[in-house]
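Since the structure comes first, as structure tokens, the remarks are kept for the end.
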Protein chains: 2
Amino acid sequence: MTNQGLRIESTRFISDSEAESSHLKWQVEKAEDFRALHHRSHILVLPNAWDVPSARIFQDAGFPAVATTSAGMMVSLGFPDGELIDMREFLAAVARIARVVTVPLSVDVVAGFGETPSQVAATVSAVVKAGAIGVNIEDFLHAAKKLFAVEKQIEKLKAVTRLRESLKIPIVINARTDALRYADGNDSDRLEEAILRARAYRDAGADCVYPMGLVDQASISTFVKALNFPTNVMIRKGLPPVKELERLGVARLSFGPNASYAAMGLLRRVSREVLEKGTYDSLLDGAISYDELNALAKPRA
Amino acid sequence: MTNQGLRIESTRFISDSEAESSHLKWQVEKAEDFRALHHRSHILVLPNAWDVPSARIFQDAGFPAVATTSAGMMVSLGFPDGELIDMREFLAAVARIARVVTVPLSVDVVAGFGETPSQVAATVSAVVKAGAIGVNIEDFLHAAKKLFAVEKQIEKLKAVTRLRESLKIPIVINARTDALRYADGNDSDRLEEAILRARAYRDAGADCVYPMGLVDQASISTFVKALNFPTNVMIRKGLPPVKELERLGVARLSFGPNASYAAMGLLRRVSREVLEKGTYDSLLDGAISYDELNALAKPRA
């Protein structure tokens with residue numbers, strides 16, 4: 001990991017005269033901390049939470065930052081993944097988490113809840129106001145399962161970059177591309193398209209690029225070498241372990257919605273055991289206590 | 001289980017002239033269904049959810065009804081268990097769950113969010129409006145860890161009983177007593193107080209009584225024989241298995257906050273594995289899929 005050079009200029013964001021309120025100062029510091037985590041010799045492992053206790057469990061376990069999972073959060077509020085949720089409900093959920101975590105919080109804003117660059121920037125502005133200091137922005141339309149034109153996505157990312165400067169909070173922009181899943185052609189064509197898009201997003205001002213669906217060691221190696229820039233991969237079956245990802249130069253490893261999948265899988269096993277066997281072992285073994293659960297709602301100091 | 005007699009009069013709630021809207025009819029039917037589940041030869045196993053996907057996992061697993069856990073729900077929204085949450089946030093969370101479940105939904109309203117009987121009834125009215133057809137009401141003040149005077153609790157339950165009649169929805173009232181935990185005296189004194197209170201709550205119009213902390217077989221047997229009335233026990237370490245509870249005449253077995261404890265315990269194990277070993281087995285094994293997660297947000301038909 002020797003990608004520090006490109007982000008050195010971010011220190012300009014933290015002059016005292018600009019950071020007037022203590023809250024703004026706090027967010028600026030968290031954004032700087034989060035940015036720095038993308039430029040270390042070891043990988044940033046970033047767990048994705050969907051509500052207050054999941055975020056706090058991750059923080060308390062020692063992760064240096066916490067992100068949200070769009071699928072986990074949307075579904076927890078009764079909406080499928082995507083942009084169908086009411087924006088106020090979404091922002092309220094972000095704010096609830098921001099109130100209880102002290103580590104940097106990055107929020108998945110899907111494709112930015114809007115067709116135009118200014119709509120996307122307004123969404124990012126709102127989640128930053130709700131307490132986030134980083135965002136994930138993807139380049140495909142959930143409803144249509146279709147990639148946006150790369151030029152369109154660049155305009156959106158540039159609008160968010162301009163917002164970052166005007167906010168005076170050096171928010172970390174993780175630009176996701178779904179080219180590996182939705183571009184035309186064969187695997188090789190799609191990897192090429194993902195690299196092209198990731199380079200374009202990097203050059204538009206993103207701080208990290210996130211090729212969704214990058215799993216096998218060879219493709220990760222090809223991608224990271226082609227970008228020479230902080231790259232995010234998501235945990236899924238077949239992904240190499242952390243040590244190997246570090247060796248490959250991956251800067252950031254996110255959980256994606258996996259913790260939501262895991263929690264719901266556990267409830268399903270618990271249900272089967274109680275209904276079929278009439279016992280409670282999977283419900284009680286390894287559980288936290290009432291006091292521990294309540295402590296997870298404690299606002300940050 | 002031969003406790004049917006006391007509830008026969010509940011059929012008066014479902015005359016067609018009274019149930020004017022289809023939604024009201026729907027709730028009346030669900031309330032009747034839920035009531036009937038307390039009077040079968042086998043136990044009602046009632047899982048407690050805290051959000052949309054947890055509720056839907058339970059419904060899809062085959063439980064005939066779903067309840068909420070106050071601790072799980074409050075903490076998921078950033079508040080400790082008790083009545084500190086904003087009522088609108090609480091009701092919004094109930095409504096989100098009610099939108100996606102088709103089985104009867106019972107809601108834990110803690111001690112009713114108010115000092116007076118009319119305040120408690122107003123709370124119950126609001127959660128019924130949000131989609132619940134049953135409530136848990138407890139007889140102790142969370143903030144002070146102190147039991148309410150039994151006369152005071154009776155007045156509250158009577159107010160909810162009157163509300164039940166005026167609503168024309170035969171909501172199921174589960175009256176919880178915390179006497180086993182907070183009454184004076186030794187274990188025997190507290191069991192006696194729990195029985196006294198449960199009888200009083202039964203006579204005030206409750207449909208089920210819930211002695212929090214009733215765990216061992218001998219105490220359960222004593223309690224159920226003394227009440228001869230639907231009794232709810234909560235899963236915890238040391239509780240006899242379902243078959244034995246049925247033999248003892250327990251009508252209803254609830255999860256309480258255990259599923260929240262279990263889910264958070266799993267996230268803690270997942271965190272440790274990723275941070276210490278750099279692997280993802282506990283995160284990926286037994287998890288549900290993206291499509292399965294999304295399906296949990298589907299509104300009810």
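Given the structure, is A:Leu84 open to solvent by less than 40 Å² (accessible area, probe 1.4 Å) and out of contact with any Phe, Trp or Tyr (no Cβ under 8 Å at 6 or more places or on another chain)? For A:Leu84, the condition - open to solvent by less than 40 Å² (accessible area, probe 1.4 Å) and out of contact with any Phe, Trp or Tyr (no Cβ under 8 Å at 6 or more places or on another chain) - is not met.
Does segment A:245-258 contain at least one residue that is away from chain B (no Cβ under 11 Å) and open to solvent by 30 Å² or more (accessible area, probe 1.4 Å)? Yes, some residue in segment A:245-258 is away from chain B (no Cβ under 11 Å) and open to solvent by 30 Å² or more (accessible area, probe 1.4 Å). Quick check on A:Ala194: is it closer than 25 Å to A:Ala98 by Cα and open to solvent by less than 20 Å² (accessible area, probe 1.4 Å)? No; evaluated as a whole, the condition is false for this residue.
The residue pairs whose first member lies in segment A:144-158 and is free of Cβ contacts under 8 Å to residues at least 60 places away in the same chain, whose second member is β-branched (Val, Ile, Thr) and open to solvent by less than 50 Å² (accessible area, probe 1.4 Å), and whose beta carbons are closer than 7 Å, counting only pairs six or more residues apart or on different chains, are A:Lys156/A:Val120; A:Lys156/A:Ile137; A:Leu157/A:Ile137; A:Leu157/A:Ile173.
Close Cβ contacts (under 8 Å, 6 or more residues apart or on different chains) running from residues in segment A:105-128 that are closer than 17 Å to A:Ala204 by Cβ and at pLDDT 95 or above to residues that are open to solvent by 40 Å² or more (accessible area, probe 1.4 Å) and part of a loop (DSSP other than H, G, I, E, B) comprise A:Ala111/A:Glu83. Within segment A:267-283, if we keep just the residues that are open to solvent by less than 30 Å² (accessible area, probe 1.4 Å) and within 7 Å of another protein chain (Cβ to nearest Cβ), the residue that is farthest from B:Ser271 (Cα to Cα) turns out to be A:Gly278.
Answer yes or no: is there a residue in segment B:288-299 that is modelled with pLDDT under 95 and closer than 13 Å to B:Ile57 by Cα. Yes; the residues of segment B:288-299 include at least one that is modelled with pLDDT under 95 and closer than 13 Å to B:Ile57 by Cα.
For segment B:95-129, a residue qualifies if it is open to solvent by 10 Å² or more (accessible area, probe 1.4 Å), in a loop (DSSP other than H, G, I, E, B) and closer than 14 Å to B:Trp26 by Cβ, and the qualifying residues are B:Thr102, B:Val103. Open to solvent by 20 Å² or more (accessible area, probe 1.4 Å) and not acidic (Asp, Glu): is that true of B:Thr222 in this structure? Yes; evaluated as a whole, the condition is true for this residue. Across segment A:29-72, the qualifying residues are those that are among the β-branched types (Val, Ile, Thr), crowded, with 23+ Cβ neighbours inside 10 Å and outside any loop (DSSP other than H, G, I, E, B), and the one among them that is farthest from the other protein chains (Cβ to nearest Cβ) is A:Thr68.
The values are calculated or read from the model by the stated rules, or taken from the named source; none is laboratory data. Owing to the predicted nature of the structure, the values given are computational and were not obtained by experimental measurement. Here Cβ is always computed from backbone atoms with ideal geometry, including for glycine, and neighbour counts include all displayed protein chains. Only protein heavy atoms, including side chains, enter the accessible area calculation; ligands, DNA and RNA are left aside. Shrake-Rupley method; radii C 1.70, N 1.55, O 1.52, S 1.80 Å.
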